[in-house]
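Rule-based calculations on the coordinates, nothing more; no lab input. All figures in this text were calculated on a predicted structure; none of them were measured in a lab. We place every Cβ from the backbone using ideal geometry, glycine too, and count neighbours over all the protein chains shown.
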Amino acid sequence: MITAIYLIGFYLRIIKPLHIIGNGMDLLKEQDFSSRLRRVGQSDADRIVEIFNKMMEQLKNERLHLREQNHFLDLVIRASPLGVIILDLDERILSVNPAVHKLFGLHAEENLSGKSLHEIDNPLMSELIRIEPDRSQIVRLSDANIYKCTHSSFIDKSFRHSFYLIELLTEEVFKAEMKAYERVIRMIAHEVNNTTAVTSTPDTLGLTLKEMEHAEDLGEVLQIAIERCYDMNRFIGNFADVVRIPEPQLCETALNELVTSGKRFMETICRNRNIRMVIEPGEISPIVRIDTSLFQQVLVNIIKNSTESIDRNGVIFLRTSHDPPCLEIADTGKGISKETEAGLFIPFFSTKPYGQGLGLIFIREVLLKHGCTFSLRTDPDG
């Protein structure tokens, strides 16, 4: 009887508390922070139970808070206009947000997980790969888009994961550029563009010189100065035209007919350089809503650039396709170097000795007003 009482007491004071503590260790191991230990009626053991239960409550609250934070972070990343690419330890894509598909022109259902960055054939991805860790870089592509790309990292479970942030700056940069060179143009025009005031005196002086003997040479010099004044007027006028492009008056137009019309307009210039223009129309002529007048000017500018790239003896191809509506203009010219490509669509940038750098800006502005996507590049076949 005494032995039985002793064993019961030993169980209640020693074995049961140890058993309860062992159960607590199992709960921790399984990360079951919702369960709690029961008191055993022994002060020392109950203190351990109380501390353990408080610890479990705290762990539960911290886990809940962490899940809420992660859920909120996931929502922010998914809703963010910034593209977010997270890599795993093998530098393969772990996850991307919807903005990445939009920025890269991919279908929403296209799965990028598990792919290496090198496996994705995209000009923007090629630029991302070149960015060193913990650096940001402004990237301009041949489609006139401008991106701020950041390559950084974070620590997860003691391991460093790389990630990329991609921010589209095109609209903000274009607005800032337009405001900047609009102010410059107005300032220059105020000083230079008053043609009447600048040229009236030389004109009057020229009439006087005509009545004088032996003043032919002086008259020629004066005429050169007058012509230069008018050249400056036209020069400033060209800049002003870029910032005064009217809003497109849209109407449904057969793209094939528009291309044929543009070809006829430029045939004489091409013939003089021994350049053939070849139209390769799609079987179905795309019907597009465009301003035909503005779009004809775009075609003329592009074909003019092609003729200058070829110089003499070459071919210009004009191709259309239906789904989606697309126009491709290709030429057998010398192409665009990587260095030149970085400067495309930048105001005042030109590779021509006396170029004003306005042709591509005009093209860019008109196409953007039409909501077109576009690019200017040299393909591997030249």
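At a glance:
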{"item": "Share antiparallel - DSSP beta bridges, segment 251-382, percent rounded to 5", "result": "60 percent"}
{"item": "Amide H contacts of Ser285 (H built 1.01 Å from N, under 5 Å, at least 5 apart or other chain)", "result": "none"}
{"item": "Net charge of neighbours whose Cβ lies under 9 Å from the Cβ of Asp311, counting Lys and Arg as +1 and Asp and Glu as -1", "result": "+2"}
{"item": "In segment 254-347, trypsin sites (Lys or Arg not before Pro) in a DSSP loop with at most 16 other beta-carbon atoms within 10 Å", "result": "Arg273, Arg312, Lys334"}
{"item": "Contour excess over end-to-end distance, with Cα ends at His101 and Asn272 and 0.36 nm allotted per residue", "result": "56.9 nm"}
{"item": "Karplus 3J(HN,Hα) series, Hz, for segment 263-277 with 6.51 cos²θ - 1.76 cosθ + 1.60 (x for Gly, Pro)", "result": "4, 4, 5, 9, 4, 5, 4, 5, 4, 5, 9, 6, 10, 8, 10"}
{"item": "Under 14 Å from the Phe159 label point (7 Å along Cα→beta-carbon), backbone N, segment 85-124", "result": "87-95, 114"}
{"item": "Candidate lysines for bridging to Lys352, where Cα separation is under 28 Å - those fewer than 8 sequence places away on the same chain excluded", "result": "Lys175, Lys179, Lys263, Lys304, Lys334, Lys338, Lys369"}
{"item": "Per DSSP, loop GluC sites (Glu not before Pro) in segment 89-171 with at most 16 further Cβ within 10 Å", "result": "Glu91, Glu109, Glu110"}
